Amino acid sequence: MIEYEQSSGIVREVFDDIRATRKTTDINNFWKVLANHPPTLQRTWETLKQVMGGPGELDPLVRELIYVAVSVTNGCDYCIASHRAAAVAKGMTDGMFGELMSIVGVANMNNRLANGFQVPLDDKFK
């Protein structure tokens, strides 16, 4: 992992932008690892910043809830932890998290059933 103090060039620029955007001095381990390939670090940060923090019709909490749901489905422990913390900071309660997990669970179950049984698409959904 590349620590802030050892960063330079593009990595330092991205780290500084992360710190300024998030109003913190902390750089998460995800970014420190991606810093080993500066183009990936820069591209990933710019995309995340635009999608998660840019203008849009979904409020910031809804965006975080979606990110948590996808992370649970993909089994990314790191992303679950970091975006759950972000969701809590934006107002997610334990009850909301439980409801979200219920939705993720039933959606994954039903997706597998629909795929496994090869259910044809209803005309009204086309």
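Taking 0.36 nm per residue of separation and subtracting the Cα-Cα distance, what length does fully extending SER8 through TYR78 add?
Value of the extension gain: 22.7 nm.
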Please name which of SER102, VAL119, CYS76 has its Cα lying farthest along the dipole of the chain towards the positive end, using unit charges on Cβ (Lys, Arg +1; Asp, Glu -1) and the Cα centre as origin. VAL119
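More than 17 angstrom separation, counting every C-alpha pair in region 1-83; what % is that? Don't skip to the answer; put the middle values down first.
On the way: 1729 of 3403 pairs.
For region 1-83, the fraction of Cα-Cα distances above 17 Å is 51 percent.
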Mean-square fluctuation check for the chain, GNM, Cα pairs under 10 Å: which of LEU113, LEU100, LEU48 is largest? LEU113
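For region 1-118, with only Lys/Arg (+1) and Asp/Glu (-1) charged at the beta-carbon, what is the dipole magnitude about the Cα centre, in debye rounded to 20? Don't skip to the end; give the middle numbers.
Working: 11 positive and 13 negative charges, 28 e Å.
In debye, rounded to 20, region 1-118 gives about 140.
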Accessible area expressed per residue, region 3-126, with surrounding protein chains retained (probe 1.4 Å, Å²): 67
When only Cα pairs under 8 Å and 6 or more residues apart are kept, what is the percent relative contact order across region 52-95? 39
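Let me check against my output: what whole-number percent is the relative contact order of region 11-66, with C-alpha pairs under 8 Å and at least 6 apart?
Numbers: 22 pairs, mean separation 15.9, N = 56.
So the answer I get is 28 percent.
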Crossing angle, helix 9-22 versus the chain [Cα axis fit, 0-90 degrees, rounded to tens]: 60
Separation of alpha-carbon centers, region 62-126 and region 1-39, rounded to whole Å: 29
Taking LYS90 as the anchor, which aspartates and glutamates have their alpha carbon closer than 12 Å to its alpha carbon, excluding any fewer than eight residues away along the same chain? ASP59, GLU64
Report the dimensions of region 76-126 along its three principal axes from the alpha-carbon atoms, largest first, rounded to Å. 42, 23, 18
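Express the carbon and sulfur contribution to the solvent-accessible surface of region 11-84 as a percent, rounded to the nearest whole number, probe 1.4 angstrom. Could the numbers behind the result be given before it?
On the way: 2480 of 4420 Å².
The computed percentage sits at 56.
The values are calculated or read from the model by the stated rules, or taken from the named source; none is laboratory data. It should be emphasised that the depicted structure is a prediction, and the values quoted were computed from it without experimental measurement. Backbone-built Cβ (ideal geometry, glycine too); neighbour counts: all protein chains shown. We work out accessible area using only protein heavy atoms, side chains counted, and drop any ligands, DNA or RNA first. Shrake-Rupley method; radii C 1.70, N 1.55, O 1.52, S 1.80 Å.
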